[in-house]
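What follows is one structure encoded as structure tokens, with my remarks underneath.
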Amino acid sequence: MMIKKTLLLLLLVFILLMIIVIIKTLYHNFTRINNLANQPKIHNINELAVRRLSKAIQIPTVSTVVYEDTNFQPFEEFKTFLKTAYPTIYQAMDTITVNKYGLVFHWKGKDQNKKPLLFLSHYDVVPISNYPEDGPIHEKDFIFDLKGTSAPLKNYCTSWTYAPFSGIVKDGRIYGRGTLDMKGMLISIVEAAEELLKQGYQPQQDIYLAFGHDEEVSGRQGALKIAQYFKEKGLHFDAVYDEGGFVTSPKSVLSGVDKAIALIGVAEKGFLTLQITVKGTGGHSSMPPKKGSLVFASEIVEKLNTRQMHATLIPPIENFLNNVGGAMDFKSRVAISNQWLLGGTLLKTLENVPGSNALVRTTTAITMMHASDAPNVLSAATTLTVNFRILQGNTVENVLNHVKEICKGYDTSYEIVSAREPSKLSSHQSEQFKKLKETIAINYPNAIITPYLTIGGTDAYKYEIVSDNVFRFMPIQVNEFEQRQIHNEDESITIDNYMRMINHFKLLMK
């Protein structure tokens, strides 16, 4: 009799629990997703704007890790190109050069009591790889063909179809290094400003444009010095706009979301690149010890890989889940809306996919290891290099303590190669965020718009000293194949995306 009562009680508790779960799921404040369009907006092609981006791509402004080794001649050519291509901007705006190659433009507004706006980009690009000198098409074989549709890519590019600095226009795309990162956005910004100036438009508040020249190798000579210049001038910006997120095609972020998602980066992760030296017994390989330094290092690698830092949901990711949850299946909505019961399960699910795992924890990537230089020599020390991407709520010190705890019992030493704390969080409830969201919706009525965490590093981080509202978003729609083109072979942008970018910045400036 007692067993029956216990089973009945457990059943009642289970039923009550299920009722609570279902009610909380049904009444959870997921963002309503109604009447989204099927496609982004299409604009008429501005041929002159296409030609100017093509020309910008043809200037090989490659930045190098050792700043002094940079070939600055192309950077001089790019400065000359801007002045020639956009004379109205140079006539109407105050132009300032910071550290010789950092470019700043000041557009005076009507109301000097309003805080100014700041639009960022950079004009350096990463080096070229996997392109032979006798590649398929060279700059001398220039093609400019506006025919064809701006179709999204359907597979990964593993080689260059056209020369990396050709700026070739074909099949609805502009090809070349920098089209996506970041000359496409830079030229879109100046195209928008030039067009508005020609229309006689004057903004309500001051607008600044700031273009760095070494973002790909840290931005210490470009964006950092420009930000310091602004701070010394006493400027504080109402909002700052830089690269970061973009509009992702359906199912490319979360397989269960069959909608495009506009990802506005309201923060970016920090990083720590750490070199760990593990000591052991060296000598001739004919008489090896039970464990040498390489074996010890391998054990540490395994522990670093399996004992990662704890996962957690930070505010922008919680908001992201609430925004996209309405487009997910019922099972996913149950987990999101009942974290009091299923929070662990939700985190485990997110941890299982590399893309979402990076949003909920400080990630650990073992990238390099070096021991002996000869096959018959045991090294007395093995060095391994680990790259951590640090989530908000963790610090560089937290990560170091985590590593030291894992390495207890081993003879180790540590060297910080590079480090930066995570950025601040910009509010997704601010008026500045809402204006950006409204602007995105005009060109991308097909997209769910949400705050997000930018995983990679940008110049935006450096401008936190002059603004509380720093947003990272490039207004283009790309699928998973196009995302892989950034820093990769056959980098290209569709003409439709480029036209939307220009329109986006015109609207945002207004």
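The values are calculated or read from the model by the stated rules, or taken from the named source; none is laboratory data. Quantities reported herein were computed from a predicted structural model and do not represent experimental measurements. Note: ideal-geometry Cβ built from the backbone for every residue, glycine included; neighbour counts use all protein chains shown.
Quick notes on this structure:
- Only one of the listed residues (82, 118, 103) is buried (at least 18 other Cβ atoms within 10 Å of the Cβ), within 30 Å of residue 261 (Cβ to Cβ), assigned by TED's automatic domain parsing to the domain that holds residue 167 and modelled with pLDDT of 95 or more. That residue is 118.
- Cβ-Cβ under 9 Å pairs, at least 6 apart or on other chains, segment 224-236 side in the same structural domain as residue 115 (by TED's automatic domain parsing), far side at pLDDT below 95 and not in a helix (DSSP H, G or I): 224/218
- Check on residue 223, out of contact with any Asp or Glu (no Cβ under 8 Å at 6 or more places or on another chain), aliphatic (A, V, I, L, M) and crowded, with 24+ Cβ neighbours inside 10 Å: no
- Extreme residue, farthest from residue 268 (Cα to Cα), among residues of segment 362-389 that are in contact with a Ser or Thr (Cβ under 9 Å, 6 or more places away or on another chain) and outside any strand (DSSP E or B): 376
- Check on residue 217, surrounded by fewer than 24 Cβ atoms within 10 Å (Cβ to Cβ) and under 17 Å from the mean Cα position of the chain (by Cα): yes
- Exclusive hit being within 30 Å of residue 34 (Cβ to Cβ), not aromatic (Phe, Trp, Tyr) and not assigned by TED's automatic domain parsing to the domain that holds residue 455, set 304, 313, 294: 313
- Only a single item in (1) over 30 Å from residue 62 (Cα atoms); (2) under 23 Å from the mean Cα position of the chain (by Cα); (3) part of a strand (DSSP E or B) is not met by residue 254, and it is number (3).
- Residue count, segment 272-293 (criterion: surrounded by 19 or more Cβ atoms within 10 Å (Cβ to Cβ) and either among the aliphatic types (A, V, I, L, M) or not in a loop (DSSP other than H, G, I, E, B) (or both)): 5
- Against the list (1) surrounded by 18 or more Cβ atoms within 10 Å (Cβ to Cβ); (2) within 26 Å of the chain's Cα centre (by Cα); (3) in the same structural domain as residue 390 (by TED's automatic domain parsing), the condition residue 259 fails is (3).
- Subset of segment 304-318 (residues that are out of contact with any strand residue (DSSP E or B) (no Cβ under 8 Å at 6 or more places or on another chain) and of a type outside the set (S, T, N, Q)): 307, 310, 311, 313, 315, 318
- Leading residue by the ranking (nearest to residue 446 (Cα to Cα)) among those in segment 313-361 that are assigned to a loop (DSSP other than H, G, I, E, B) and over 20 Å from the mean Cα position of the chain (by Cα): 327
- Set side by side, the residues 200, 167, 148 differ, and just one is crowded, with 24+ Cβ neighbours inside 10 Å and part of a loop (DSSP other than H, G, I, E, B), which is 167.
- Contact annotation: no residue pair with Cβ atoms under 9 Å, 6 or more positions apart or on different chains, pairs a residue in segment 178-192 that is in the same structural domain as residue 95 (by TED's automatic domain parsing) and of a type in the set (Phe, Trp, Tyr) with a partner that is assigned to a loop (DSSP other than H, G, I, E, B) and surrounded by 24 or more Cβ atoms within 10 Å (Cβ to Cβ).
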